[in-house]
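Asker: Structure below; questions to follow.
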2 protein chains.
Amino acid sequence: MAGSNIFYAQSGGVTAVINASACGVIETARETPKMGKVFVGKNGILGALNEELIDTSLEPKRNISGLRHTPSGAFGSCRFKLKSPEENPREYQRILEVFKAHGIGYFFYNGGGDSQDTANKVAAYSTRMGYPVQCIGIPKTVDNDLPFTDTCPGFGSVAKYVAISTLEAGLDVASMAASSTKVFVLEVMGRHAGWIAAASALAATQKSDPPHLVILPEVPFDQTRFLKRVAATVAREDYCVIVASEGAQTADGRFLAESGGVDAFGHAQLGGVAPMLVDLIKNQLGFKCHWAVSDYLQRAARHVASKVDVDQAYAVGASAVRLAASGKSGVMVTLERSQGRGYRWRTGSVALSKVANVEKKMPKKFITRDGWGITEAGLAYLRPLVRGEDYPPYDQGIPRYVRLKNNLCPKKLPPFEGK
Amino acid sequence: MAGSNIFYAQSGGVTAVINASACGVIETARETPKMGKVFVGKNGILGALNEELIDTSLEPKRNISGLRHTPSGAFGSCRFKLKSPEENPREYQRILEVFKAHGIGYFFYNGGGDSQDTANKVAAYSTRMGYPVQCIGIPKTVDNDLPFTDTCPGFGSVAKYVAISTLEAGLDVASMAASSTKVFVLEVMGRHAGWIAAASALAATQKSDPPHLVILPEVPFDQTRFLKRVAATVAREDYCVIVASEGAQTADGRFLAESGGVDAFGHAQLGGVAPMLVDLIKNQLGFKCHWAVSDYLQRAARHVASKVDVDQAYAVGASAVRLAASGKSGVMVTLERSQGRGYRWRTGSVALSKVANVEKKMPKKFITRDGWGITEAGLAYLRPLVRGEDYPPYDQGIPRYVRLKNNLCPKKLPPFEGK
């Protein structure tokens, strides 16, 4: 029988609400009699390998509740993907040793597709080794590309940020277009799926409102059609606002702006679609252009988080604890949207084996036939996800985000030599 | 004797709160018995030349009050500078004809240095021509570079946006630095003065907090010193957050953004201080970097406006009406900071002749000796300007900004042929 302590880790790119999930885990575990302490990996799963376990029982209650309104990863996250136990058994062995040494019987991994895959492997490995750890995946990704869940915590807040930024910058361009900038390009995240760019469409309340073109990775970019559409939009509206996914690509799968570098997962590092498009428009159409790249600002923007997103992020954390307490393992918490009028949601779960490394693209029915816009079905899906405001507390005009003590447990094992 | 109607125009780059000034003008004029209608130039001063006058008396009260929370220029602004009456008398002649035709005796020009200059020239010209129009300048510029006023409406909200963005993106980078991005560069506005970049320093509550380097146009950029400082910061903090003014320049006055670098594919660098600095750091130090350019997002960000800024923007508009009603002309409304403990402010005024085309740079005492930071004196100046939140109303998760009817007055004159 494994121990009663929990190991929780954040994985991959952080979000405005991933700490709300941590808050849900820790607060719910504190109220659940059979649960012991919640240990959190310093810098995600690296904390398990390095035996750097943050002991949240040493953190005052107000710090834990402050996580709900604090963006990014308060314990550190990492880009580090475990290989399979067949390829590198020493990492799994080490994690299990650390879990045993600290009485850990529950592993909650808060991340995207790669992390769900890892959680699944740890579950299987630990069972094989006769120390069955209950592994629960907690969804998180601004990219909204996890399957079997209606949405992913983190996405709703980015969606809100991008929609509001598009609305506000659109008003700016509109008010100056008579004598100044005609075209504005906003570049947003989304390597493989256009969910974030699509959310910009929530800015429009009339057909003529920005964004006038949304460039999605799902729709091959055609330069001639693009320039024609921009010219037509400026002719009609006197200005044109474009929102482009960083993952925008041509029909042959070439990213519009490949920086050449790769990240730790071997994914191409992107950035620079906006200046590339502006260069094209300036040279071919001669309009005065401006561009913005919001990069980390969009996924860290807790100051304008979606209340629905914050609530859901908390709920998936809390649900992981409840599922574990009821004996579940090898599942990811999901969000389910109720059928019928109005928007209602609840948590559910799905087997990790089904989730691992499946990517959810935007359905075709969410993209207008011309490929530059979002359909009413798409908007109906997106709208409730940005609902509600959940402002952080402010001090002297600046949000008061919590700073944890992050005390580490004393180490019990020799250093890990296997990396 | 000139008429009792007001002509109000917005000029140059718009801000998150310039409409709050319009709101102050219109609401106060409606309450001031001697004032007639408020006409607003469609697209700024172009509206006077083209006799396109928006009749705000046709706008419902709730639309006018909604201007207080609506960013950018609700009537259109423009980049158009009148020449002097000696160089181009036809423009002044035309403006005066339009003013006469519509019973306009007051001209409120809401803009930066150029606009104050124009207001001054219109005042002098109209007096010379025997139809003395009372001209009042209303300060506006995100650049905070107008003299004789403690601050410029529009700046406080950009300052707040930049400080919060730096805080939030800084938390993001900090939480991933162990295995991912080490350096983040945020490019902000400020061609000649570093006020906006300086405001990012409000993000820090401890010495080790971001921003670690602020790059100001006032301090010549030295590549060797810069790289050394970035390397030292990463060595000490494990990450480095840099906020750079778009106007950053070398000792010989060359803008960094124009330094002609090439990207990974050998394409000419498309402009932007942030990508240029990131290129430099990647090539010379090898750190993984990310960058953001907030461009119009920063000056349109009404969703996170400073309450002090909104209040001041309204007050300078209201004050212009009161000054005019009391017979004043040829002055710009100013903001005065009271001496002593705590932050108190009130409106004042200064002769337009003094203001015109004088640029207020950051005082040396606001910049740390090493040139990369802001002193306590600078922070003490900046802090109160971002104070307070003034959230717009939301509908379904998106701010409900007002959309005016903008009905034009019937024209009384033949078209202007003088442009």
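The values are calculated or read from the model by the stated rules, or taken from the named source; none is laboratory data. These numbers were taken from a predicted model, which means no experiment stands behind them. Cβ atoms come from the backbone with ideal geometry, glycine included; neighbour counts cover every protein chain shown.
Asker: State whether the residues of the stretch A:365-376 include one that is more than 18 Å from A:P147 (Cα to Cα) and either of a type in the set (D, E) or at pLDDT below 95 (or both). Even if it seems obvious, please write down each step before you answer.
Answerer: Of the stretch A:365-376, the ones more than 18 Å from A:P147 (Cα to Cα) are A:367-376.
When the remaining residues are screened for being either of a type in the set (D, E) or at pLDDT below 95 (or both), the result is A:370, A:376.
The answer is yes, given that some residue of the stretch A:365-376 is more than 18 Å from A:P147 (Cα to Cα) and either of a type in the set (D, E) or at pLDDT below 95 (or both).
Asker: For the stretch B:1-46, give me each residue that is surrounded by fewer than 24 Cβ atoms within 10 Å (Cβ to Cβ), closer than 17 Å to B:S326 by Cα, at pLDDT 95 or above and aliphatic (A, V, I, L, M).
Answerer: B:M35, the sole residue that qualifies.
Asker: Let me confirm something: among A:F99, A:F107, which residue is farther than 30 Å from B:T166 by Cα, touching a residue at least 60 places away in the same chain (Cβ under 8 Å), assigned to a helix (DSSP H, G or I) and not hydroxyl-bearing (S, T, Y)?
Answerer: Selected residue: A:F99, the only one of A:F99, A:F107 that is farther than 30 Å from B:T166 by Cα, touching a residue at least 60 places away in the same chain (Cβ under 8 Å), assigned to a helix (DSSP H, G or I) and not hydroxyl-bearing (S, T, Y).
Conditions tested, residue by residue: (1) surrounded by fewer than 24 Cβ atoms within 10 Å (Cβ to Cβ); (2) in contact with a Cys (Cβ under 6 Å, 6 or more places away or on another chain); (3) of a type in the set (D, E, K, R).
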position: A:K282; (1), (2), (3): yes, yes, yes
position: A:L297; (1), (2), (3): no, no, no
position: A:R302; (1), (2), (3): no, no, yes
position: A:S306; (1), (2), (3): no, no, no
position: A:Q312; (1), (2), (3): no, no, no
position: A:S326; (1), (2), (3): yes, no, no
position: A:S329; (1), (2), (3): yes, yes, no
position: A:I367; (1), (2), (3): yes, no, no
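Asker: Determine which member of the set A:E168, A:E187 is in contact with a helix residue (DSSP H, G or I) (Cβ under 8 Å, 6 or more places away or on another chain) and without any contact (Cβ under 8 Å) to a residue 40 or more places away in the chain. Don't jump to the end; show me each part of the working.
Answerer: On the way: A:E187 fails: without any contact (Cβ under 8 Å) to a residue 40 or more places away in the chain.
Step by step, each of A:E168, A:E187 is checked, and only A:E168 is in contact with a helix residue (DSSP H, G or I) (Cβ under 8 Å, 6 or more places away or on another chain) and without any contact (Cβ under 8 Å) to a residue 40 or more places away in the chain.
Asker: Now for a different question. Is it true that A:A123 is of a type in the set (G, A, S), away from chain B (no Cβ under 11 Å) and over 18 Å from the mean Cα position of the chain (by Cα)? It would help to see each step written out before you state the result.
Answerer: On the way: of a type in the set (G, A, S): yes; away from chain B (no Cβ under 11 Å): yes; over 18 Å from the mean Cα position of the chain (by Cα): yes.
Yes: the conditions hold for A:A123.
Asker: I would also like to ask the following. Please go through the stretch B:160-194 and pick out each residue that is more than 9 Å from chain A (Cβ to nearest Cβ) and small (G, A, S).
Answerer: B:G190, B:A193, B:G194
Asker: A follow-up question, please. Restricting to the stretch B:219-246, name every residue that is away from chain A (no Cβ under 14 Å) and either part of a strand (DSSP E or B) or at pLDDT below 95 (or both).
Answerer: Start the filter on the stretch B:219-246 by keeping residues that are away from chain A (no Cβ under 14 Å), which leaves B:219-236, B:245.
Scanning the stretch B:219-246 gives a single hit, B:S245.
Asker: Could you check the stretch A:1-88 for helices (runs of 4 or more DSSP H) lying wholly inside it with 1 or more residues that are under 30 Å from A:R191 (Cβ atoms)? Give the derivation first.
Answerer: Values: elements: A:18-31, A:46-49, A:61-66.
Counting at least 1 such residues, we get A:18-31, A:46-49.
Asker: Just a yes or no: is a residue in the stretch A:176-184 surrounded by fewer than 24 Cβ atoms within 10 Å (Cβ to Cβ), free of Cβ contacts under 8 Å to residues at least 40 places away in the same chain and under 30 Å from A:G286 (Cβ atoms)?
Answerer: There is at least one residue in the stretch A:176-184 that is surrounded by fewer than 24 Cβ atoms within 10 Å (Cβ to Cβ), free of Cβ contacts under 8 Å to residues at least 40 places away in the same chain and under 30 Å from A:G286 (Cβ atoms).
Asker: Here's another thing I want to ask about it. Within the stretch B:36-51, track down each residue that is over 20 Å from the mean Cα position of the chain (by Cα), away from chain A (no Cβ under 11 Å) and not charged (D, E, K, R).
Answerer: B:G36, B:V38, B:F39, B:A48, B:L49
Asker: Residues to consider are B:R322, B:R346; find the one that is among the basic types (K, R) and either touching a residue at least 60 places away in the same chain (Cβ under 8 Å) or assigned to a helix (DSSP H, G or I) (or both). Can you show your working first?
Answerer: Values: B:R346 fails: either touching a residue at least 60 places away in the same chain (Cβ under 8 Å) or assigned to a helix (DSSP H, G or I) (or both).
Among B:R322, B:R346, only B:R322 is among the basic types (K, R) and either touching a residue at least 60 places away in the same chain (Cβ under 8 Å) or assigned to a helix (DSSP H, G or I) (or both).
Asker: Then there is this: Does A:G253 satisfy the condition of being on the phi > 0 side of the Ramachandran plot, surrounded by fewer than 22 Cβ atoms within 10 Å (Cβ to Cβ) and more than 11 Å from every other protein chain (Cβ to nearest Cβ)?
Answerer: On the way: on the phi > 0 side of the Ramachandran plot: yes; surrounded by fewer than 22 Cβ atoms within 10 Å (Cβ to Cβ): yes; more than 11 Å from every other protein chain (Cβ to nearest Cβ): yes.
Yes, satisfied.
Asker: Those residues that are assigned to a loop (DSSP other than H, G, I, E, B), in contact with a helix residue (DSSP H, G or I) (Cβ under 7 Å, 6 or more places away or on another chain) and within 10 Å of another protein chain (Cβ to nearest Cβ), I need them from the stretch A:394-417; list them, please. Break it down into steps so the answer makes sense when it comes.
Answerer: Within the stretch A:394-417, the subset assigned to a loop (DSSP other than H, G, I, E, B) is A:396-397, A:400-407, A:409-417.
Of the ones still in play, those that are also in contact with a helix residue (DSSP H, G or I) (Cβ under 7 Å, 6 or more places away or on another chain) are A:396-397, A:401-402, A:404-405, A:407, A:412-413, A:416.
Scanning the stretch A:394-417 gives A:Q396, A:G397, A:Y401.
Asker: Then there's this: Of the residues that sit in the stretch A:338-357 and are in contact with a Phe, Trp or Tyr (Cβ under 8 Å, 6 or more places away or on another chain) and under 16 Å from A:D145 (Cα atoms), which one is surrounded by the fewest Cβ atoms within 10 Å (Cβ to Cβ)? Walk me through how you get there before you give the answer.
Answerer: So in the stretch A:338-357, the residues in contact with a Phe, Trp or Tyr (Cβ under 8 Å, 6 or more places away or on another chain) come out as A:338, A:350, A:354-355.
Filter once more, so that each one left must be under 16 Å from A:D145 (Cα atoms): A:350, A:354-355.
Values: A:V350: 19, A:K354: 13, A:V355: 24.
Among those residues, the one meeting the criterion is A:K354.
Asker: Something else: Does the stretch B:144-158 contain any residue that is within 30 Å of B:L352 (Cα to Cα), facing chain A (nearest Cβ under 9 Å) and touching a residue at least 24 places away in the same chain (Cβ under 8 Å)?
Answerer: Yes, some residue in the stretch B:144-158 is within 30 Å of B:L352 (Cα to Cα), facing chain A (nearest Cβ under 9 Å) and touching a residue at least 24 places away in the same chain (Cβ under 8 Å).
Asker: Can you find, within the stretch A:375-393, the residue that is farthest from the other protein chains (Cβ to nearest Cβ) among those that are under 21 Å from the mean Cα position of the chain (by Cα) and closer than 25 Å to B:A201 by Cβ? If you could, list the steps in order and put the result at the bottom.
Answerer: Just the residues of the stretch A:375-393 that are under 21 Å from the mean Cα position of the chain (by Cα), to begin with: A:378-392.
Those still in the list that are closer than 25 Å to B:A201 by Cβ too: A:391-392.
Working: A:Y391: 7, A:P392: 10 Å.
Per the criteria, the residue is A:P392.
Asker: Starting from the stretch B:288-313, take each residue that is part of a loop (DSSP other than H, G, I, E, B) and list its partners that are aromatic (F, W, Y), counting only C-beta distances under 7 angstrom and pairs at least six apart or across chains.
Answerer: Taking only residues 6 or more apart or on different chains, the pairs are B:A301/B:Y161.
Asker: Being within 14 Å of chain B (Cβ to nearest Cβ) and among the aliphatic types (A, V, I, L, M) is the filter here; which residues of the stretch A:52-79 pass it? Walk me through how you get there before you give the answer.
Answerer: Within the stretch A:52-79, the subset within 14 Å of chain B (Cβ to nearest Cβ) is A:52, A:54, A:66-67, A:69-79.
If the condition is that a residue be within 14 Å of chain B (Cβ to nearest Cβ) and among the aliphatic types (A, V, I, L, M), then A:I54, A:L67, A:A74 are the ones that fit.
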